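**Student:** Okay, here's the structure, questions in a sec.
The values are calculated or read from the model by the stated rules, or taken from the named source; none is laboratory data. Everything numeric here is computed off the predicted structure, so don't read it as measured data. Positions of Cβ are backbone-derived with ideal geometry, glycine not excepted, and every protein chain shown enters the neighbour counts.
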Amino acid sequence: MKNAWTPEFTDFTLSPYTGLTRESWKAAAKYMLNGVFSHIASPADPVVMPRRETDVTYPHKGATGDRLIAEEKAEIFEGLTRSFFIASVMIHEDPDLTINGIKLADYYKDQIYRSTVLKNDRAYVGTYEELHAVNNPDDHTRCFQQTVETCALVIGLDACREEIWLRYTDEEKKNIADFLMSYALNATVPQNWRLFCMLDLAFLWKEGFEIDENVMGDHTQAILNYYAGDGWYRDGQCFDYYSCWAFNFYAPLWCRWYGYEKEPYAASQFEEHSNALMRTYADMFDNDGFTNMWGRSCIYRNAATSAFDGNMMFRSSTVDPGLARRICSGSLLQFLTRDDFLWNGIPNLGFYGQFTPLVQGYSCAESPFWLGKAFLCLALPKDHPFWTAKESENSFDILTEHAVKETALDGPGLCFSNHKDNGETVLRTAKVVKTKNDIHGMWNYCKLAYDTKFPWESTPTGSDIAMESQQYVLTDGASGQVSRMNAVFWSGHRGQVLYRRGFFDMVLETERHWTQGMYLCDFTVPLGLIRADKLCFFKRPATITLGSFGFPDNGTEIEKRAKDGAEAIVLKGSDHTGRKCMLAMTVFSGFSELTAIKSKGTSPDSENSIVIRATAKTGDRLYDASKPYWLISQTITKPGNDGFTDDELFPITEISYSDTSKTGAVGPVSISLRNGMHYIVDITEVEGILQL
């Protein structure tokens, strides 16, 4: 198998930015299916793929007995249904599609029935009642992975309804329906999982089966109650792409199958919310359509684009179809054209190649096929505007040189900026609380910024001081205890400055979480962000570090520069694909040292990487207003290797503090730039409007 996908069918008249067409997408889908079926020797074999990672993912090493059996069954079902996302639309395109000597329509028809109905079959995955009876039967809230996958199953069955579902006898349909109902009517996780039950019930209802409409109604009201505004739903406590590849993808299917006819008000709300998302969602992707590595389940990659497909399934879709296809195709190219995307033909458990730091324990080798949702755009007919419209301009095309478009959403606590000069999108998030030991959660959600071209880095290996990329880390000067920022509250966007409040080692059960914290204040510049962050409620003495974005180290030139008391480190090199890139970090106030830290195995892009570390000392006494309170820095990035100008590296001409001690202990700080811009960073209102 090839190491990377190369588009065979392109049309740069219809698609001037990506070249991809519907034929390109069909070729990409077949490319993915070829990888799957290269591991299926006979029609009797389930979709269980080779496994590269065994320490985190399931079936777990320590699993034995009934637990192991349950996990093995879950893996079988996950492989079947998630690969079916892609296979279903291709079967509908070509009912005779055959790969590795296996006719896909017959294979999935047989495997679906065996896994859901034939109790003595090795592929059978069990009903909810059967799994519950042998897995902690006293826990009536117990949930199983199969609930998730039943939803994927019904989406696939609908996508190739004529080719598979209608070929079952009435009795066979009834048997499959009984299996689906066992999960639809039982316990589920109180967040996006409720949608799985809703779609199971909606599919069965539209296929003529009687359902419990009271159960449907309760799930529906709960899902609508998660809505936070701006098109985003809260999923548990956090906001992440689940709002887009779950809420904003499943809801339109539910409306088409059930809601428009049975619950028109709820359907109108789902439609309104999706259209609200579409007003800004395109700007979360960069000029190339790249998806940002942010939140949990990053192994799902370009599934984030499925919200565009979902919007076009509503009766009153408002998304620009040419822009939607441009982004969907751009994100598809982001991943499929990488030579490290696949391992033995199967997507790695990572963002690009294998990257264990981002993998969660609820995943298995087949989990990445959740990205198959992106391929459900092929369920849109070939004459749909998504396929016939010319790729249209994005926000980057409209911006003038050096301009930045910034979007701040109070509902989900998200701020993202599109930078004309480097074509990147930078995301800043808040409304996040993780337990103080959840380092993975902090990487996924608590970074100060996420960049589409510089995905987040796990803890660097080469540092002698505790540090993280794009995060502050505090080391107590007396005890040596290390504290990380595990909670970030939102305080809004005012006067071109984004205000947030970060907490170190926050413990919700006590008041201790108010002891250590910072006011996080930043604003955009053409190539990145300037940070003006203030220490607050701080125990001194302490050492505090701030890391830049991680930089792929495939042979990097490191340069140090200084001007007017400011210090910068510049990195020039290239990423795994050979794309030339540069990154620089400049410190202006509050920091005492700037160092380039080399690391290994902590970057999702390359084996080796570099993170620039800024270090600050808070003084030698417990209380001391003579030391700087404001930590002012800049991180910028740029394509190519031509270097940064002095104006780019050292844009600040003046920093003015309000207090007579000139340390910024009280009052706002004023920052003037060479381009004539002037910013007042004032934390006065932050405490009164903190949001989670």
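**Student:** Name the residue, out of E468, E406, that is over 23 Å from A596 (Cα atoms) and in the same structural domain as R494 (by TED's automatic domain parsing). Step through it out loud before you land on a result.
**Tutor:** On the way: E468 fails: over 23 Å from A596 (Cα atoms).
The match here is E406.
**Student:** Separate question: Evaluate the following for A408: is it over 17 Å from T291 (Cβ atoms), in contact with a His (Cβ under 8 Å, 6 or more places away or on another chain) and modelled with pLDDT of 95 or more? Show your work before the answer.
**Tutor:** Details: over 17 Å from T291 (Cβ atoms): yes; in contact with a His (Cβ under 8 Å, 6 or more places away or on another chain): yes; modelled with pLDDT of 95 or more: yes.
So A408 fits the description; yes.
**Student:** Of all residues in segment 551-572, how many are touching a Leu at 6+ places or on another chain (Cβ under 9 Å), surrounded by 17 or more Cβ atoms within 10 Å (Cβ to Cβ) and touching a residue at least 40 places away in the same chain (Cβ under 8 Å)?
**Tutor:** Step one: of segment 551-572, the residues touching a Leu at 6+ places or on another chain (Cβ under 9 Å) are 551, 553, 556-561, 563, 566-572.
Narrowing further to those that are surrounded by 17 or more Cβ atoms within 10 Å (Cβ to Cβ): 551, 553, 556, 566-572.
So of that shortlist, the ones also touching a residue at least 40 places away in the same chain (Cβ under 8 Å) come out as 551, 553, 556, 566, 568-572.
Total meeting the criteria: 9.
**Student:** Any idea which of G259, G229 is closer than 21 Å to P412 by Cβ and either outside the structural domain of C377 (by TED's automatic domain parsing) or modelled with pLDDT of 95 or more (or both)?
**Tutor:** Values: G259 fails: closer than 21 Å to P412 by Cβ.
Just a single option satisfies the conditions, and that option is G229.
**Student:** Any idea which residue in segment 636-661 is farthest from the chain's Cα centre (by Cα), counting only those that are closer than 19 Å to C521 by Cα and in a loop (DSSP other than H, G, I, E, B)?
**Tutor:** Filtering segment 636-661 for residues that are closer than 19 Å to C521 by Cα and in a loop (DSSP other than H, G, I, E, B), the one farthest from the chain's Cα centre (by Cα) comes out as D659.
**Student:** Just need a number here: residues in segment 389-414 that are closer than 21 Å to F12 by Cβ, touching a residue at least 60 places away in the same chain (Cβ under 8 Å), out of contact with any Pro (no Cβ under 8 Å at 6 or more places or on another chain) and not charged (D, E, K, R).
**Tutor:** 3
**Student:** Counting only residues that are aliphatic (A, V, I, L, M) and surrounded by fewer than 24 Cβ atoms within 10 Å (Cβ to Cβ), which one in segment 481-497 is farthest from H440 (Cα to Cα)?
**Tutor:** Kept after step one, since they are aliphatic (A, V, I, L, M), are these residues of segment 481-497: 482, 485, 487-488, 497.
Next, only the ones that are surrounded by fewer than 24 Cβ atoms within 10 Å (Cβ to Cβ) stay: 482, 497.
Numbers: V482: 16, V497: 28 Å.
Of everything passing the filter in segment 481-497, V497 is farthest from H440 (Cα to Cα).
**Student:** Right, next: Considering only segment 296-308, how many residues are surrounded by fewer than 24 Cβ atoms within 10 Å (Cβ to Cβ) and either part of a helix (DSSP H, G or I) or polar (S, T, N, Q) (or both)? Steps first, answer last, please.
**Tutor:** Taking segment 296-308 and keeping what is surrounded by fewer than 24 Cβ atoms within 10 Å (Cβ to Cβ), we get 296-297, 299.
Then keep just the ones that are either part of a helix (DSSP H, G or I) or polar (S, T, N, Q) (or both); that gives 297, 299.
Of the residues in that region, 2 qualify.
**Student:** Sort out which residues of segment 655-688 are in contact with an Asp or Glu (Cβ under 9 Å, 6 or more places away or on another chain), of a type in the set (V, I, T) and more than 15 Å from G495 (Cα to Cα), and write them in order of number.
**Tutor:** Scanning segment 655-688 gives a single hit, V666.
**Student:** Suppose the filter is within 25 Å of M518 (Cα to Cα) and either in a loop (DSSP other than H, G, I, E, B) or touching a His at 6+ places or on another chain (Cβ under 8 Å) (or both); does S633 pass it?
**Tutor:** Working: within 25 Å of M518 (Cα to Cα): yes; either in a loop (DSSP other than H, G, I, E, B) or touching a His at 6+ places or on another chain (Cβ under 8 Å) (or both): no.
Considered against the rule, which asks whether it is within 25 Å of M518 (Cα to Cα) and either in a loop (DSSP other than H, G, I, E, B) or touching a His at 6+ places or on another chain (Cβ under 8 Å) (or both), S633 comes out as no.
**Student:** On the basis of being under 20 Å from V89 (Cα atoms), of a type in the set (D, E, K, R) and in the same structural domain as W254 (by TED's automatic domain parsing), does R325 make the cut?
**Tutor:** On the way: under 20 Å from V89 (Cα atoms): yes; of a type in the set (D, E, K, R): yes; in the same structural domain as W254 (by TED's automatic domain parsing): yes.
So R325 fits the description; yes.
**Student:** Next up: Could you tell me which numbered condition S633 fails, if it satisfies all but one of (1) farther than 23 Å from V666 by Cβ; (2) within 28 Å of the chain's Cα centre (by Cα)?
**Tutor:** Checking S633 against (1) farther than 23 Å from V666 by Cβ; (2) within 28 Å of the chain's Cα centre (by Cα), the one that fails is (1).
**Student:** If you scan segment 319-333, which residues turn out to be crowded, with 24+ Cβ neighbours inside 10 Å and either assigned to a loop (DSSP other than H, G, I, E, B) or without any contact (Cβ under 8 Å) to a residue 60 or more places away in the chain (or both)?
**Tutor:** Result: V319, C328, S331.
**Student:** Mind telling me which of the residues L535, L498 ends up being farther than 23 Å from G295 by Cα and in a strand (DSSP E or B)?
**Tutor:** On the way: L498 fails: farther than 23 Å from G295 by Cα.
Testing whether each residue is farther than 23 Å from G295 by Cα and in a strand (DSSP E or B) leaves just L535.
**Student:** Can you tell me which residue is surrounded by the most Cβ atoms within 10 Å (Cβ to Cβ) among those in segment 613-627 that are part of a strand (DSSP E or B) and not small (G, A, S)?
**Tutor:** Here is the first cut: in segment 613-627, the residues part of a strand (DSSP E or B) are 613-617.
Checking which are not small (G, A, S) leaves us with 613, 615, 617.
On the way: R613: 26, T615: 18, K617: 17.
Once the filter is applied, the top-ranked residue is R613.
**Student:** Working only within segment 278-293, note down all residues that are touching a Phe, Trp or Tyr at 6+ places or on another chain (Cβ under 7 Å) and surrounded by 22 or more Cβ atoms within 10 Å (Cβ to Cβ).
**Tutor:** Step one: filter segment 278-293 for residues touching a Phe, Trp or Tyr at 6+ places or on another chain (Cβ under 7 Å), giving 283-284, 287, 291-293.
If the condition is that a residue be touching a Phe, Trp or Tyr at 6+ places or on another chain (Cβ under 7 Å) and surrounded by 22 or more Cβ atoms within 10 Å (Cβ to Cβ), then M284, T291, N292, M293 are the ones that fit.
**Student:** Residues in segment 423-441 that are surrounded by fewer than 24 Cβ atoms within 10 Å (Cβ to Cβ) and of a type outside the set (D, E, K, R): how many?
**Tutor:** Number of matching residues: 8.
**Student:** Additional query: A568 is checked against (1) more than 25 Å from W456 (Cα to Cα); (2) among the hydrophobic types (A, V, I, L, M, F, W, C); (3) at pLDDT 95 or above and fails just one. What number does that condition carry?
**Tutor:** Among (1) more than 25 Å from W456 (Cα to Cα); (2) among the hydrophobic types (A, V, I, L, M, F, W, C); (3) at pLDDT 95 or above, the lone unmet condition for A568 is (1).
**Student:** Moving to a separate point now. Is it true that some residue in segment 144-165 is more than 25 Å from M90 (Cβ to Cβ) and touching a Ser or Thr at 6+ places or on another chain (Cβ under 6 Å)?
**Tutor:** yes
**Student:** Being in the same structural domain as F37 (by TED's automatic domain parsing), in contact with a strand residue (DSSP E or B) (Cβ under 7 Å, 6 or more places away or on another chain) and not aliphatic (A, V, I, L, M) narrows it down to one residue among P368, P412, P385; which is it? Walk me through how you get there before you give the answer.
**Tutor:** Details: P412 fails: in the same structural domain as F37 (by TED's automatic domain parsing); P385 fails: in contact with a strand residue (DSSP E or B) (Cβ under 7 Å, 6 or more places away or on another chain).
Matching residue, one of P368, P412, P385: P368.
**Student:** Ok, one more. Given the options T98, T81, name the one that is among the β-branched types (V, I, T), closer than 20 Å to L180 by Cα and modelled with pLDDT of 95 or more.
**Tutor:** Working: T98 fails: closer than 20 Å to L180 by Cα.
Going through T98, T81 in turn, just one is among the β-branched types (V, I, T), closer than 20 Å to L180 by Cα and modelled with pLDDT of 95 or more: T81.
**Student:** Right, T586: assigned by TED's automatic domain parsing to the domain that holds T545, under 23 Å from G550 (Cβ atoms), in contact with a Gly (Cβ under 7 Å, 6 or more places away or on another chain) and buried (at least 23 other Cβ atoms within 10 Å of the Cβ) or not?
**Tutor:** On the way: assigned by TED's automatic domain parsing to the domain that holds T545: yes; under 23 Å from G550 (Cβ atoms): yes; in contact with a Gly (Cβ under 7 Å, 6 or more places away or on another chain): no; buried (at least 23 other Cβ atoms within 10 Å of the Cβ): yes.
Criteria not met by T586.
**Student:** Also: Looking only at segment 49-68, decide whether some residue is modelled with pLDDT of 95 or more and of a type in the set (G, A, S).
**Tutor:** No, segment 49-68 contains no residue that is modelled with pLDDT of 95 or more and of a type in the set (G, A, S).
**Student:** Then there is this: Being surrounded by 19 or more Cβ atoms within 10 Å (Cβ to Cβ), of a type in the set (F, W, Y) and touching a residue at least 60 places away in the same chain (Cβ under 8 Å): is that true of Y657 here?
**Tutor:** On the way: surrounded by 19 or more Cβ atoms within 10 Å (Cβ to Cβ): yes; of a type in the set (F, W, Y): yes; touching a residue at least 60 places away in the same chain (Cβ under 8 Å): no.
Answer is no for this residue.
**Student:** OK, next. Identify the single condition in (1) of a type outside the set (D, E, K, R); (2) in contact with a Phe, Trp or Tyr (Cβ under 9 Å, 6 or more places away or on another chain); (3) buried (at least 18 other Cβ atoms within 10 Å of the Cβ) that P50 does not satisfy, given that it satisfies every other one.
**Tutor:** The single condition P50 does not satisfy is (3).
**Student:** Name the residue, out of E162, E172, that is surrounded by 15 or more Cβ atoms within 10 Å (Cβ to Cβ), in the same structural domain as L33 (by TED's automatic domain parsing) and of a type in the set (D, E). Don't jump to the end; show me each part of the working.
**Tutor:** Numbers: E162 fails: surrounded by 15 or more Cβ atoms within 10 Å (Cβ to Cβ).
Residue meeting the stated conditions: E172.
**Student:** Would it be correct to say that R315 is part of a loop (DSSP other than H, G, I, E, B), at negative phi and in contact with a His (Cβ under 9 Å, 6 or more places away or on another chain)?
**Tutor:** no
**Student:** Which of the residues that make up segment 440-461 are touching a residue at least 60 places away in the same chain (Cβ under 8 Å), more than 12 Å from L427 (Cα to Cα) and hydrophobic (A, V, I, L, M, F, W, C)?
**Tutor:** Within segment 440-461, just W443 meets the criteria.
**Student:** Sticking with this structure for a sec: So is F179 surrounded by 20 or more Cβ atoms within 10 Å (Cβ to Cβ) and at pLDDT below 95 or not?
**Tutor:** Working: surrounded by 20 or more Cβ atoms within 10 Å (Cβ to Cβ): yes; at pLDDT below 95: no.
It is false that F179 is surrounded by 20 or more Cβ atoms within 10 Å (Cβ to Cβ) and at pLDDT below 95.
**Student:** Filter segment 379-411 down to the residues that are basic (K, R) and either part of a loop (DSSP other than H, G, I, E, B) or within 12 Å of R326 (Cβ to Cβ) (or both), then identify the one that is nearest to the chain's Cα centre (by Cα). Break it down into steps so the answer makes sense when it comes.
**Tutor:** Initial filter on segment 379-411 (basic (K, R)): 382, 390, 405.
With the extra rule that they be either part of a loop (DSSP other than H, G, I, E, B) or within 12 Å of R326 (Cβ to Cβ) (or both), the set shrinks to 382, 390.
Working: K382: 29, K390: 28 Å.
Among residues in segment 379-411 that are basic (K, R) and either part of a loop (DSSP other than H, G, I, E, B) or within 12 Å of R326 (Cβ to Cβ) (or both), the one nearest to the chain's Cα centre (by Cα) is K390.
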